[in-house]
Amino acid sequence: MAKQQTVREVALNLLQRVSQSGGFSHILINQAISKHEVKQEDKGLFTEIVYGTLQRQLTLDFYLTPFVGNKKMDQWVRTLLRMSVYQMVYLERVPDHAVINEAVTIAKKKGHKGISGFVNGVLRNIQRKGVPSFDTIEDKVERVSIETSHPYWLVSRWVDQYGFNVTKKMCESNIESKKVSVRIQPEKLSIEEAIEKLEVEGIKVERSTLSNQGLIILEGNILRSELFPHALTIQDETSMLVSEMIGAKPNMTVLDACSAPGGKATHIAEKMKSQGEIYAYDLHQSKVNLVKEKARDLDLTNIQVKAYDSRQLSEVHDDGTFDRILLDAPCTGLGVLRSKPDIKYSKQEENIEQLANIQHDLLRSVLPLLKENGKLVYSTCTVDRHENEEQIKQLLKDYSNLQVDPAFFEELPESCQHLEGKSEYGVQIFPHDFKADGFFITRLVFK
């Protein structure tokens, strides 16, 4: 790591970059670790500070308010205070005096004596008096908003859609650590062989209830396994369920209309035993390259990848071409806040409307490409009804020859049969259901 920057300095600069440029934290964290050559023993602390500060931003501001009032300060000073309070409140293994000393040193480097004195005063005051209690918040929606650091408008919207109890559970789940899950490549080894090999490497796993190819990592670093990335791929288990519900078989012709980064396309290819054809499209060439890379890693040869606007696919494919269509539509991503916490601060209600319009257009553009006896899976990694159930409800109104496949509900895994998010339009998986990403999944067929 460059001598002139400590772990906390790199963390501060990264947090600033996320807030200013809107870059995805999970991508920037990996880039920063590589660029600054963060030592192995420091990676955990670095990642914890960045993710934790982002996850609990509104909570940290609530803690800071009594000590800073309405004082105007540069954004970097506020960010420095946030990440310092995060460490003091949530990281028991880091002594307060070390956090405060480091913050003051950074403030001296980046600012002037007045700023370092201010930072020192605020943090020592918090150390002495403690942070304020949530009990002072009377409005229960506001309390959930502050306690779990979700914008008020979002909590209120979810309460309207799903009720207070589901919303509270969802928000609490979003600030828990994300578990890692992987999907094995069954053409290379069986799941039993994978479990055996991983255990030899000191990696403890359990089988997923959502995919017969899925494993949940309980202990150990999967990135260090010799099986990664050629015999297994990292994928959330709710995302795996999407491909399971497509029911793809060898020699089918399949469309993956919004494919990047390629987790579902490669899963479908594995289900098809590399026999048949998958046409995988995405709007941007850079994203298409991710799909190609993933297919190459897993030695899958039946995926044709191209950059194209899937709203215009009728220009390259005839009606009735595909046995299966997957439309994993662009969405607000409000189901993946556990791994991408920055989304909850950058999204606004108008973004939901904009994306719902794109989803509307995509559904109507790809539907004619489905064979008469084919099946179309629609999925999103969000938890907003406007992007999910209401899209399907409207589509069924517009197309009287279309229905939600009755067999879809029968084929759902046992662990999904009694979820509170099941409806006549599909299944809404909430983040707290499996401590995994929130997803909406449904399957449509012609009557």
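Within the stretch 389-431, can you find the residues that are acidic (Asp, Glu) and surrounded by 19 or more Cβ atoms within 10 Å (Cβ to Cβ)?
Within the stretch 389-431, the subset acidic (Asp, Glu) is 389-390, 398, 405, 410-411, 414, 420, 424.
Scanning the stretch 389-431 gives Glu389, Asp405.
Would you kindly identify the helices (runs of 4 or more DSSP H) lying entirely within the stretch 138-194 that contain at least 3 residues that are free of Cβ contacts under 8 Å to residues at least 24 places away in the same chain? Even if it seems obvious, please write down each step before you answer.
Values: elements: 140-148, 152-162, 164-174.
It comes to 140-148, 152-162.
On the basis of being open to solvent by less than 10 Å² (accessible area, probe 1.4 Å) and closer than 24 Å to Lys287 by Cα, does Leu255 make the cut? I'd like the intermediate steps shown before the answer.
Working: open to solvent by less than 10 Å² (accessible area, probe 1.4 Å): yes; closer than 24 Å to Lys287 by Cα: yes.
When the stated conditions are applied, Leu255 passes them.
Right, Arg207: open to solvent by less than 40 Å² (accessible area, probe 1.4 Å), within 27 Å of the chain's Cα centre (by Cα) and basic (Lys, Arg) or not?
no
Those residues that are without any contact (Cβ under 8 Å) to a residue 12 or more places away in the chain, closer than 28 Å to Glu172 by Cβ and of a type in the set (Lys, Arg), I need them from the stretch 378-436; list them, please.
Within the stretch 378-436, none qualify.
Could you check the stretch 382-424 and list, in sequence order, the residues that are over 17 Å from Val445 (Cα atoms), of a type outside the set (S, T, N, Q) and not in a loop (DSSP other than H, G, I, E, B)?
Result: Arg385, His386, Glu387, Glu390, Glu414, Cys416, Lys422.
When you check Asp328 against the structure, is it closer than 30 Å to Glu414 by Cβ and open to solvent by 20 Å² or more (accessible area, probe 1.4 Å), yes or no? Let's see the steps before the verdict.
Values: closer than 30 Å to Glu414 by Cβ: yes; open to solvent by 20 Å² or more (accessible area, probe 1.4 Å): yes.
Criteria met by Asp328.
Given the residues Glu147, Glu201, Glu187, which is the only one that is touching a Phe, Trp or Tyr at 6+ places or on another chain (Cβ under 8 Å) and acidic (Asp, Glu)?
When all the criteria are applied, what remains is Glu147.
Looking at (1) free of Cβ contacts under 8 Å to residues at least 40 places away in the same chain; (2) touching a Lys or Arg at 6+ places or on another chain (Cβ under 8 Å); (3) over 29 Å from Cys171 (Cα atoms), which one does Ala269 not meet, given that it meets all the others?
All conditions pass for Ala269, except number (2).
Of the numbered conditions (1) touching a residue at least 24 places away in the same chain (Cβ under 8 Å); (2) closer than 30 Å to Gln417 by Cβ, Val205 satisfies every one except a single condition; which is it?
In the conditions (1) touching a residue at least 24 places away in the same chain (Cβ under 8 Å); (2) closer than 30 Å to Gln417 by Cβ, Val205 misses (1) alone.
Please enumerate the residues belonging to the stretch 88-114 that are open to solvent by less than 60 Å² (accessible area, probe 1.4 Å) and touching a residue at least 40 places away in the same chain (Cβ under 8 Å).
Passing the criteria: Val89, Leu91, Val94, Glu102, Ala103, Ile106.
The values are calculated or read from the model by the stated rules, or taken from the named source; none is laboratory data. Predicted model, so just to flag it, every value in this text is computed and none were measured. Glycine gets a Cβ as well: all are built from the backbone with ideal geometry, and neighbour counts include every protein chain shown. For the accessible areas, the whole protein counts, side chains as well, though only heavy atoms, and no ligand, DNA or RNA atoms are used. Shrake-Rupley method; radii C 1.70, N 1.55, O 1.52, S 1.80 Å.
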